[in-house]
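Let me begin by presenting the structure, written as structure tokens, before commenting on it.
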Amino acid sequence: MKTVVITGGNSGIGKETAVGLAQRGARVVIASRNAAKGQAAVSEIRARSGSEIVEMRALDLASFASVRTFAAELLGGYERIDVLVNNAGVVLRHREVTTDGHEMTFQVNHLGPFLLTALLRDRIVASAPARIVMTASHAHKYAGKGIDFDDLDSEKKYPPFKVYGRTKLMNILFTRELARRLDGTNVTANAVHPGYVASNFAREGDTGKLGNVAMVLGRPFAISAAKGAETTIYVASSPEVEGVTGQYFYKSAFAKESAAAQDDAAAARLWEISEQLTNAG
């Protein structure tokens with residue numbers, strides 16, 4: 001039986017991904033920052049999938065300590081981790097700083113998943129063939145020519161959508177470098193764009209939720225969370241992509257990244273900096 005770990009699995013794309021993979025016979029472990037919502041999601045996922053092997057563990061990607069605790073619980077509780085889906089993400093209207101001293105979007109969308117993947121890497125490799133799936137976005141193109149390595153925490157200026165887009169660019173660059181480093185291990189790493197999904201993933205407590213405004217204006221053009229999860233489920237489970245790595249998917253097919261997302265030097269530099277910032281080396 002395959003064990004699948006999904007961050008942000010209590011709502012939206014993450015929950016729909018959990019339902020889909022549970023239906024396919026996997027043991028599913030969802031990570032949720034809010035324990036009550038996480039347990040409610042477990043009940044729903046079990047009911048909809050017909051599987052009882054769905055569990056929840058607490059995780060706050062805005063806290064490196066929480067990420068380390070979560071990883072330790074997984075390593076202590078599961079002999080295998082066959083699939084890791086780094087799905088959780090956030091977009092905030094106003095700049096916030098985490099307890100670790102980083103801009104919230106940067107830490108939740110990139111540094112947290114980077115650290116989690118690093119901590120679980122050996123177990124995932126030992127479970128090979130295995131897969132790592134990163135939820136990115138076409139919004140990575142908002143980052144323009146690339147990452148401003150001199151202002152990773154957006155201290156100079158904070159344009160919300162550009163900051164979000166920059167973290168999605170980081171997701172793709174991280175996936176690209178991860179795939180290179182995993183070469184020969186029989187573990188694949190791929191990024192996906194789920195599409196414009198009708199869900200609000202702004203962080204709870206962000207009273208000026210930019211997501212609310214965006215979703216109201218864009219809802220007529222949005223797809224359902226279930227539809228958005230199809231590509232993630234495909235990349236996480238389909239035999240058609242067995243052995244495929246370092247790619248970017250949309251609508252269950254190869255998609256074109258921006259030029260900035262194909263910058264191997266930037267990917268390597270981001271990896272080195274991320275190791276230093278998270279003490280993951």
Any idea how many residues of region 55-71 are surrounded by 24 or more Cβ atoms within 10 Å (Cβ to Cβ) and either out of contact with any helix residue (DSSP H, G or I) (no Cβ under 8 Å at 6 or more places or on another chain) or under 19 Å from Ser127 (Cβ atoms) (or both)?
1
Any residue at all in region 136-158 that is buried (at least 22 other Cβ atoms within 10 Å of the Cβ), free of Cβ contacts under 8 Å to residues at least 60 places away in the same chain and either charged (D, E, K, R) or under 29 Å from Leu21 (Cα atoms) (or both)?
yes
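Using the structure shown, decide if Arg48 is surrounded by 19 or more Cβ atoms within 10 Å (Cβ to Cβ) and among the charged types (D, E, K, R). Quick ask: steps written out before the conclusion?
Numbers: surrounded by 19 or more Cβ atoms within 10 Å (Cβ to Cβ): no; among the charged types (D, E, K, R): yes.
In short, no.
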Do any strands (runs of 3 or more DSSP E) entirely within region 1-94 hold 1 or more residues that are free of Cβ contacts under 8 Å to residues at least 40 places away in the same chain, and if so, which?
27-32, 54-58
Do you know which of the residues in region 72-100 that are touching a helix residue (DSSP H, G or I) at 6+ places or on another chain (Cβ under 9 Å) and among the small types (Gly, Ala, Ser) is modelled with the highest pLDDT?
Ala72
The lone exception for Ser238 - which of (1) at pLDDT 95 or above; (2) over 24 Å from Val28 (Cα atoms); (3) exposed (fewer than 15 other Cβ atoms within 10 Å of the Cβ) it fails
(2)
Return yes or no: is Glu177 touching a helix residue (DSSP H, G or I) at 6+ places or on another chain (Cβ under 8 Å), modelled with pLDDT of 95 or more, of a type outside the set (A, V, I, L, M) and surrounded by fewer than 18 Cβ atoms within 10 Å (Cβ to Cβ)?
no
How many of the residues in region 95-136 are under 16 Å from the mean Cα position of the chain (by Cα), farther than 28 Å from Glu240 by Cβ and assigned to a loop (DSSP other than H, G, I, E, B)?
0
Keeping to region 100-135, report how many residues are within 24 Å of Lys256 (Cα to Cα) and without any contact (Cβ under 8 Å) to a residue 24 or more places away in the chain.
0
Residue under evaluation Asn86, criteria (1) among the polar types (S, T, N, Q); (2) buried (at least 18 other Cβ atoms within 10 Å of the Cβ); (3) over 25 Å from Ile233 (Cα atoms), criterion not met:
(3)
Restricting to region 149-159, what's the tally of residues that are out of contact with any Asp or Glu (no Cβ under 9 Å at 6 or more places or on another chain) and either closer than 11 Å to Glu103 by Cβ or of a type in the set (S, T, N, Q) (or both)?
1
Considering only residues that are of a type in the set (A, V, I, L, M, F, W, C) and surrounded by fewer than 22 Cβ atoms within 10 Å (Cβ to Cβ), look in region 72-82 and name the one that is nearest to the chain's Cα centre (by Cα).
Leu74
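The values are calculated or read from the model by the stated rules, or taken from the named source; none is laboratory data. Computed from a predicted structure; not experimentally measured. Positions of Cβ are generated from backbone atoms using ideal geometry, with glycine treated the same way; all protein chains shown enter the neighbour counts.
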